[in-house]
Amino acid sequence: MKFNTKTIHGGQQHDPAYGAVMPPIYQTSTYAQSTPGGHKGYEYSRTHNPTRNALENALASIENGKHGLAFGSGLAAIDAVIKLLEPGDEVISTNDLYGGSYRLFTGIFKKFGIKFHFVGMENASNIETYVNENTKLIWVETPTNPMMNIIDIKAVSAVAKKHNIILAVDNTFATPYLQQPLDLGADIVMHSATKYIGGHSDLVMGALIVRDDALAERLYYIQNASGAVCGPQDSFLALRGIKTLHIRMQRHSENGRAVAEYLDNHPKIEKVYWPGFENHPNHDVAKAQMNDFGGMVSFVTKGNNYDEAIKIVENLKIFTLAESLGGVESLAGHPASMTHASIPKEEREKTGVVDSLIRLSVGIEDEGDLIADLEQAIG
Ligand SMILES: Cc1ncc(COP(=O)(O)O)c(C=O)c1O
């Protein structure tokens, strides 16, 4: 099955009870048993739920994986991955990453004795410097949030394999439409399914996808034991979102390109971060590992003025000033004061998250309307 068919049919079967084409929302916590242990495969909805399972099968299919696991948020999914580790273990993570991931690593897991190294991975050989016998996980976000750096997944996977380290890739920005990390050597793919997977800004959800049976078993154990699962209603919505992922991503990418090119020619804009530009430092890697460049675009204004950036995001009318990304509607954010406020200013500026940085999640509205909105807001 090709990707555009998998989004609609992958891992799915008609509901065995009545043949419903869409899996029903099994809004139940528990399941009747005829005798203790005599059930139809479902005992309790933290452990298994048919609607969630339908979603998990769809996730596995679109990421070319074998096992999918759905969680109550993206951070709950990341939390499950870190719980594979033990005190004394070390993680090497990209240095430019979602602020909430950084907060989870440093604010929660550090105190349980797990050590995190935040490393620029544009050159995969940098990673080797931090590898020792305690290194158990490499955490990669690509494209990175919000600087749109591109990490060569194949090259990082070669390092991970050489040292027998698990490689996890946060594929939230790219989605499997643009990039399939398991095919490039990753062991775990993670999503904030809140974003493009759901696609309609109406749910909060996380996902993990793996191929290896033993690794899946360990993650299922954590999913059930820690219990951060998503509910059946949200599972249904995410499943419905996946069915249009390919056409949404195609339009996000087209509009993303148009907006990036418009901003790049704007006299008040200092720099635009978008991996589709030939002069983007990792454009060749992006071209090799991605099918297109998506709808995320970041930019800084000339003079790097905090107040001016705030004024621009406040002036926007079609772009909504809001946290999050990946929905059909265009959103704008100011990372320094919003998504990345949990990263200390000094740390954040080292990676380019300066005061005037604005991040756009370009939606699937009319391209001309989006550009006109930016025009009136930037002035
Ligand atoms: C790249 C990335 N990873 C992880 C997360 C966390 O996901 P959630 O908000 O669903 O917990 C986000 C949220 O913005 C994100 O952008």
The chain, relative contact order in percent, only Cα pairs under 8 angstrom and at least six apart counted:
17
Farthest towards the positive end of the dipole of the chain, among L203, L59, M121 and with Cβ unit charges of +1 on Lys and Arg and -1 on Asp and Glu, lies the Cα of L59
Table column - 3J(HN,Hα) (Hz), segment 109-117, Karplus curve with 6.51, -1.76, 1.60, x for Gly and Pro
7, 4, 6, 8, x, 9, 9, 10, 10
Once amide H atoms are built 1.01 Å from N in the peptide plane, which residues 5 or more positions from L321, or in another chain, come under 5 Å H to H?
A332
Could you name the lysines in cross-link range of K311, using Cα to Cα under 17 Å and dropping any fewer than eight places away on the same chain?
K268, K302
Nearest-ten-degree value, helix 367-378 long axis tilted from longest Cα axis of the chain
50
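Taking Cα pairs under 8 Å and at least six residues apart, what relative contact order does segment 237-332 come out at, in percent?
Working: 93 pairs, mean separation 23.4, N = 96.
Relative contact order, segment 237-332: 24 percent.
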Across segment 273-286, in residue order, what do the Karplus-derived ³J(HN,Hα) couplings come to in whole Hz, using 6.51 cos²θ - 1.76 cosθ + 1.60 with θ = phi - 60° and x for Gly and Pro?
9, 7, x, x, 6, 4, 8, 5, x, 10, 4, 5, 5, 4
Under a plain spin-label model, where a point goes 7 Å from the Cα along Cα-to-Cβ, how far apart in nm are R218 and I8?
3.9
Which of P50, P87, P267 moves the most in a Gaussian network model of the chain with Cα springs under 10 Å?
P267
Determine ³J(HN,Hα), in whole Hz, for all residues of segment 54-63 in sequence, where each value follows from phi through the Karplus function 6.51 cos²θ - 1.76 cosθ + 1.60 and θ = phi - 60°; x replaces Gly and Pro.
4, 5, 4, 5, 5, 4, 4, 5, 6, 9
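If you roll a 1.4 Å probe over the chain with all protein chains in place, what percent of the accessible area is carbon or sulfur?
Heavy-atom surface of the chain belonging to carbon and sulfur, 1.4 Å probe: 50 percent.
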When we measure straight from the Cα of K6, which lysines land under 28 angstrom away, once same-chain ones fewer than 8 places off are left out?
K40, K66, K154, K195, K243, K287
Which of S324, S337, S45 moves most in a GNM of the chain, Cα contacts under 10 Å?
S337
Report the Cα centroid-to-centroid distance between segment 351-368 and segment 11-46 in angstrom, as an integer.
42
Computed accessible area, K345, all protein chains, 1.4 angstrom probe, square angstrom:
100
Residue-normalised accessible area of segment 3-242, expressed per residue, 1.4 Å probe, Å²
40
Sparse-neighbour loop sites [trypsin sites (Lys or Arg not before Pro); segment 230-327; at most 14 other C-beta within 10 Å; DSSP]:
K268, K302, K317
Any chance you could run the full-extension gain for T47 through D15? It's 0.36 nm times the residue separation minus the Cα-Cα distance, nm to one decimal.
9.6 nm
State in Å² the accessible area per residue of segment 333-379; use a 1.4 Å probe, count heavy atoms of protein chains only, and round to the nearest integer.
38
When the solvent-accessible surface of protein heavy atoms is calculated with a 1.4 angstrom probe, in what order do D187, D284 fall, highest first?
D284, D187
State the Cα centre-to-centre distance between segment 271-345 and segment 53-92 in whole Å.
26
Taking every Cα atom in the chain, find the radius of gyration and the maximum pairwise distance Dmax, and write them in Å.
20.7, 74
Mean separation of Cα pairs under 8 Å and 6+ residues apart, divided by the residue count of segment 1-58: what relative contact order is that in percent?
36
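Which value at 222 nm does the chain reach when only helices count, each DSSP H run of 4 or more adding -39,500 (n - 2.57), with the total divided by all residues and rounded to the nearest 500 deg cm²/dmol?
Working: 14 runs with 132 residues, N = 379.
Using -39500 (n - 2.57) per qualifying helix, the result is -10000 deg cm²/dmol.
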What residues of segment 309-335 lie in the reach of a label at K268, counting those whose backbone N is under 12 Å from a point 7 Å from the Cα along Cα→Cβ?
309-316
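The values are calculated or read from the model by the stated rules, or taken from the named source; none is laboratory data. None of the values given here were measured: they were computed from a predicted structure. Virtual Cβ from ideal backbone geometry, glycine too; neighbours counted across all protein chains shown. Note: areas computed on protein heavy atoms with side chains; ligands, DNA, RNA excluded. Shrake-Rupley method; radii C 1.70, N 1.55, O 1.52, S 1.80 Å.
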